[in-house]
Amino acid sequence: MSARSGALTGTRVVVLEGLGPTPFISMLLSDMGADVVRVARPRHRSAREIGQTKGLAPDRDVVNRGTTSVEVDLKDPAGIESVLALIDSADIFIEGYRPGVVERLGLGPDVVLDRNPAIVFARITGYGQTGRLAKSVGHDINYVAQSGVLHTLGHPGQRPRPAVNYLGDYAGGGALGAYGIVCALYESARSGQGQVVDVSMVDGAAVLTARMQGLRAAGLFADEPGTNHVDNGAPFYDTYRCADGRYVAVGALEEDFYRSFLAGLGSGTDAWPDRDDEMNWPTLRTLIADRIGTRPMTEWADIYAGTDACVTPVLNFPEAARDPHNAERAVFVDVDGVLHPAPSPRLDRTPARHPGPSAREGADIGDVIADWAAGYVRVHSIH
């Protein structure tokens, strides 16, 4: 057992296997040094298939990096008792089932907090533990729609387009869920008492709208999508197609940045209409699009390099990994041929662990229980 780094070193986490935000939270905690044990249902498949999710092999399942997986039959009382034995030595317990499911299994908050009064019990759902939709099924697109966020993601008169599943699963549920768990863990260290953390992806996505709510109340953010400064409404905050079919992102909001942007576009822009008059926005968008369309993306990147124009090439994942800035900061790390995003944020005194291979599958739960009971921190998947 080698040394483990990270601000959460010594913290033990038991998580019931799930999708979306649940493994993402596990990854965030593990990156910061927590010892995460994932309780998976028995696969009843060959060793080669163990751990695969819809064809995703364990060594490709990046969100499960740095965790240990144990297989437990949660329909067997002996399996439940083994999970409770893990919980006895844990600091955090995470489940992502619909309300009432873990209670029926015998792993509800009353049982868990009675056995371990200081534990943080995190419940990750789409709609939360209360409310008329609490037991409804859904996915990221549903939760983001329910929160009002999806309505803002589109152009006037066009259908909203979901931002993959970044906003509901990973931002609203995952990142804010991890934040809530760490807040409860911090309080528990002072009070000695645990508590239930109700993580709702709808709630979390709604929190992301805080700034826009204030702007809307002040009459500075319209409900019609694609008509505001930062939702593709302004022609100086949008993406444009280049001559090679690639795109650049323009974020020249401030006047000084806009002047730098126009300077890079070449001569004749001093006669363009006033950007502060929104009636001119359609004309400006056409003028900008026509000018950007004359050069390939890499040429625009060179033209604007080192300027304050706020123009960035729209990179794909491999390009983002090779980008000089990202490479200097090691924003992405290659682990056995798999591109991993590096842990974030960066702590200088207790840095996160270097990403290693994804989950260690099929560990013996008895060994994990024994290690935890003896006070050991299980270390794995570290380079």
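Some notes on this structure:
- Residues in segment 165-184 include none that are at pLDDT below 95, among the aliphatic types (A, V, I, L, M), more than 30 Å from Leu113 (Cβ to Cβ) and out of contact with any strand residue (DSSP E or B) (no Cβ under 8 Å at 6 or more places or on another chain).
- Flag for Arg123 being under 25 Å from Leu185 (Cβ atoms) and of a type in the set (D, E, K, R): yes
- Qualifying residue in segment 242-250 (condition: hydrophobic (A, V, I, L, M, F, W, C) and without any contact (Cβ under 8 Å) to a residue 24 or more places away in the chain): no
- Considering residues of segment 319-358 that are without any contact (Cβ under 8 Å) to a residue 40 or more places away in the chain and of a type in the set (Asp, Glu) only, the residue nearest to Leu56 (Cα to Cα): Asp334
- Residues that are at pLDDT 90 or above and on the phi > 0 side of the Ramachandran plot within segment 313-336 comprise just one, Ala330.
- Number of residues in segment 43-81 that are surrounded by fewer than 13 Cβ atoms within 10 Å (Cβ to Cβ) and modelled with pLDDT under 90: the value is 8.
- Looking across segment 227-247, not a single residue is closer than 20 Å to Thr294 by Cα, of a type in the set (A, V, I, L, M) and within 24 Å of the chain's Cα centre (by Cα).
- The number of residues in segment 82-106 being surrounded by fewer than 17 Cβ atoms within 10 Å (Cβ to Cβ), under 21 Å from Ile365 (Cβ atoms) and of a type in the set (Asp, Glu) comes to 1.
- Per the listing Asp270, Asp276, the residue uniquely surrounded by fewer than 16 Cβ atoms within 10 Å (Cβ to Cβ), more than 29 Å from the chain's Cα centre (by Cα) and more than 22 Å from Asp231 (Cβ to Cβ) is Asp270.
- Just one of the listed residues (Gly174, Gly148, Gly157) is within 21 Å of the chain's Cα centre (by Cα) and on the phi > 0 side of the Ramachandran plot, namely Gly148.
- Residue within segment 294-305 that is closer than 30 Å to Asp59 by Cβ and surrounded by 11 or more Cβ atoms within 10 Å (Cβ to Cβ) present: no
- Within segment 107-124, tally of residues that are surrounded by 15 or more Cβ atoms within 10 Å (Cβ to Cβ) and not β-branched (Val, Ile, Thr): 9
- The residues listed here are Ser358, Ser344, Ser381; of these, the one that is within 18 Å of Ile25 (Cβ to Cβ), in the same structural domain as Val72 (by TED's automatic domain parsing) and at pLDDT below 90 is Ser358.
- Flag: Ala234 does not match the condition of being farther than 22 Å from Gly108 by Cα and out of contact with any Phe, Trp or Tyr (no Cβ under 9 Å at 6 or more places or on another chain).
- Qualifying residue in segment 214-233 (condition: among the basic types (Lys, Arg) and under 20 Å from Val144 (Cβ atoms)): yes
- Only one entry of Arg216, Arg190 meets the criterion of being charged (D, E, K, R), exposed (fewer than 14 other Cβ atoms within 10 Å of the Cβ) and not in a loop (DSSP other than H, G, I, E, B), and that entry is Arg190.
- Segment 11-32 - residue that is more than 18 Å from Leu107 (Cβ to Cβ) and at pLDDT below 95 and, of those, surrounded by the most Cβ atoms within 10 Å (Cβ to Cβ): Gly20
- The residues listed here are Thr298, Thr283, Thr294; of these, the one that is polar (S, T, N, Q), without any contact (Cβ under 8 Å) to a residue 60 or more places away in the chain and in contact with a strand residue (DSSP E or B) (Cβ under 9 Å, 6 or more places away or on another chain) is Thr298.
- Listed here are the strands (runs of 3 or more DSSP E) enclosed by segment 53-147 that have at least 2 residues being more than 21 Å from Leu28 (Cβ to Cβ) and charged (D, E, K, R), and there are none.
The values are calculated or read from the model by the stated rules, or taken from the named source; none is laboratory data. Note that this is a predicted model, so its numbers are computed, not measured. When we count neighbours, we look across all protein chains shown, and the Cβ atoms used for this are built from the backbone with ideal geometry, even at glycine.
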